[in-house]
Amino acid sequence: MSVEIREARPEEFDEVGELTVRGFLAGPYGHLPRSESRLALERDAAGRARDGALLVAVDGDDRLVGTASVLRAGTPYARLAAEGSDEAELRLIVVDPETRAIGVSDALVAASLETARGWGVGSLVLDTGARNERAQRLYRRAGFQRATEREHDEPGIGGIHVYRFGFGADADALLIRLVHHDELETVGRLTAAAYTSDYPDLPADYLASLIDVAGRASRDEVWVAERRADGALVGTVWTPREGQTISAVARPGELDFRLLAVDPDARGLGVGAALTRHVLRLGRERGVSQVVMNSGPEMLGAHALYAKLGFTRLSEREGPIEVAPGRFIEIYAFGYPLAGASSVSAA
C-alpha cells in the first residue's frame, strides 16, 4: 500500500495530535508516565505547524497513517536547533500502530529532509532515546550521522542520542547510510563485481555469499556509499550490530568489518577510505577498544589503504582458513586501536 506525504490541513490538526499520542504510547518508552506538558506537546499539532512544517502520511483512502514535524531553529518546540543556528529540527515522527502501509517512516524522513533542504539550512538534527533502536536504524538508512558531542542523559529515559544530516557545502560528496530493501540486489552485484574484477576465479559458493546482501542485512548492518551528485551506489561494507561480531578475528569489546567493496568504475575516488573511516566512527560511537578485520595476502591495494589510515598487522591472530572444502588460504589480520573511543573525530 503506497502513501502520500503532504502538509497537514488545519481541519486535520486534532486528528494528527491524537495520532501522535497513540504512536508514542506504542513505542519503546510508552510504558513511562508522561507529564501534562509532554501530552500537550504531542497534541499541539497546530503549534508544530506554526513552528515549521507539519507533515502527514496518508494512505490510498486518505487516512492519516503517520506524521512528522520539521521545526525552524529557535521556535518553541525546537530542542536542538537554537535560535540563530543554521539548522532545522525533526521531531515527533510517528506511524499509526495499526497501519498496514509499508515504508511510512522512511517516506516521512525523506520528505522531512526535502523540506529542510528547501529552507536552505545547513543541516537537519534530531534526537531519540538510546533504546529506540528501530528509529536509529531508520535514521541510519537515511544517512544521518551521530553527533555524540551533543548527547546527554534525561531523567527517567536515560541516554539521548543525537543525529545530524548535513546539506550543501557542509555535506560530503558521499552519503554513507544503511542499505535500503530495494537496493539489496544492486549491492550484491556491486560486491561481486568488485571482488571478481580482481579475483575472477572465486569459488561459486563464495561468490553466492558475496551476492547474499539480504542475508547479511537481515541480521547485521550493510552500509552503502551513495554518490550525492547522481544517487549512484559506489561502495559497501558489512558490520555487525552493536555488541556483536561477524568474524573470528574480533574479540570482546572490538568492532569488526567485512566485505569492503568499491564499484570498479569508482576506484581511486576515496570511496574505500570513506567507508573505512565510517567504520572507525562507528567504533568510537560504540566505545570499542579496537576496529579489526581480515584480508587476503594478495589484496595489496586494500593493505595500502589500511596502512595509510593507521591500521597495523595483528600477526598473532593470523593463520589459514578454509574457504572451500579442502581449500585453505592464509589470512592477514589488521587492527586500529581506538584510544579515547568517545571521540568521533574523523580518522
Problem - Condition met for Asp106 (among the acidic types (Asp, Glu), at negative phi and touching a Lys or Arg at 6+ places or on another chain (Cβ under 8 Å)) - result: yes
Practice task
Could you tell me whether Ile176 is in contact with a His (Cβ under 8 Å, 6 or more places away or on another chain), of a type in the set (Val, Ile, Thr) and surrounded by 14 or more Cβ atoms within 10 Å (Cβ to Cβ)?
Solution key: yes
Exercise for the section: Being surrounded by 15 or more Cβ atoms within 10 Å (Cβ to Cβ) and of a type in the set (A, V, I, L, M) is the filter; apply it to the stretch 324-347 and report the residue that is modelled with the lowest pLDDT. Expected result: Ala347
Practice task
Inspect all residues belonging to the stretch 238-250 and state whether any of them is part of a strand (DSSP E or B) and not β-branched (Val, Ile, Thr).
Solution key: yes
Problem - Index of the failed condition, Val125 passing every other in (1) under 24 Å from Ile246 (Cβ atoms); (2) under 15 Å from the mean Cα position of the chain (by Cα); (3) of a type in the set (A, V, I, L, M) - result: (1)
Fill in the blank from the handout: The one condition Val279 fails out of (1) over 21 Å from Pro252 (Cα atoms); (2) hydrophobic (A, V, I, L, M, F, W, C); (3) surrounded by 12 or more Cβ atoms within 10 Å (Cβ to Cβ) is (1)
Problem - Gly66 being touching a helix residue (DSSP H, G or I) at 6+ places or on another chain (Cβ under 7 Å), under 26 Å from Glu18 (Cβ atoms), crowded, with 18+ Cβ neighbours inside 10 Å and not assigned by TED's automatic domain parsing to the domain that holds Val237 - result: yes
Problem - Which numbered condition Ala339 fails, given (1) touching a helix residue (DSSP H, G or I) at 6+ places or on another chain (Cβ under 9 Å); (2) within 30 Å of Ala173 (Cα to Cα) - result: (1)
Practice task
Counting only residues that are hydroxyl-bearing (Ser, Thr, Tyr) and either surrounded by fewer than 15 Cβ atoms within 10 Å (Cβ to Cβ) or touching a strand residue (DSSP E or B) at 6+ places or on another chain (Cβ under 6 Å) (or both), give me the strands (runs of 3 or more DSSP E) lying completely in the stretch 74-166 with at least 3 of them.
Solution key: none
Completion exercise
Inside the stretch 261-273, the number of residues satisfying the requirement of being assigned to a helix (DSSP H, G or I) and either among the β-branched types (Val, Ile, Thr) or surrounded by fewer than 20 Cβ atoms within 10 Å (Cβ to Cβ) (or both) is 5
Exercise for the section: Considering every residue within the stretch 121-141, establish whether at least one is touching a residue at least 60 places away in the same chain (Cβ under 8 Å) and within 22 Å of Glu15 (Cβ to Cβ). Expected result: no
Completion exercise
Within the stretch 1-19, residues being surrounded by fewer than 17 Cβ atoms within 10 Å (Cβ to Cβ) and of a type in the set (Gly, Ala, Ser) number 1
Handout entry: Unique residue being in a helix (DSSP H, G or I), more than 26 Å from Glu151 (Cα to Cα) and either under 28 Å from the mean Cα position of the chain (by Cα) or of a type in the set (A, V, I, L, M) (or both) when the list is Val16, Val21, Val56
Key = Val16
Fill in the blank from the handout: Exception for Ala261 within (1) small (Gly, Ala, Ser); (2) in contact with a Lys or Arg (Cβ under 9 Å, 6 or more places away or on another chain); (3) in contact (Cβ under 8 Å) with a residue 60 or more places away in the chain falls at (2)
Handout entry: Of all residues in the stretch 302-340 being free of Cβ contacts under 8 Å to residues at least 24 places away in the same chain and in a helix (DSSP H, G or I), the one that is farthest from Leu255 (Cα to Cα)
Key = Ala304
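The values are calculated or read from the model by the stated rules, or taken from the named source; none is laboratory data. Treat the numbers as computed from the prediction; the structure is a model and nothing was measured. Backbone-built Cβ (ideal geometry, glycine too); neighbour counts: all protein chains shown.
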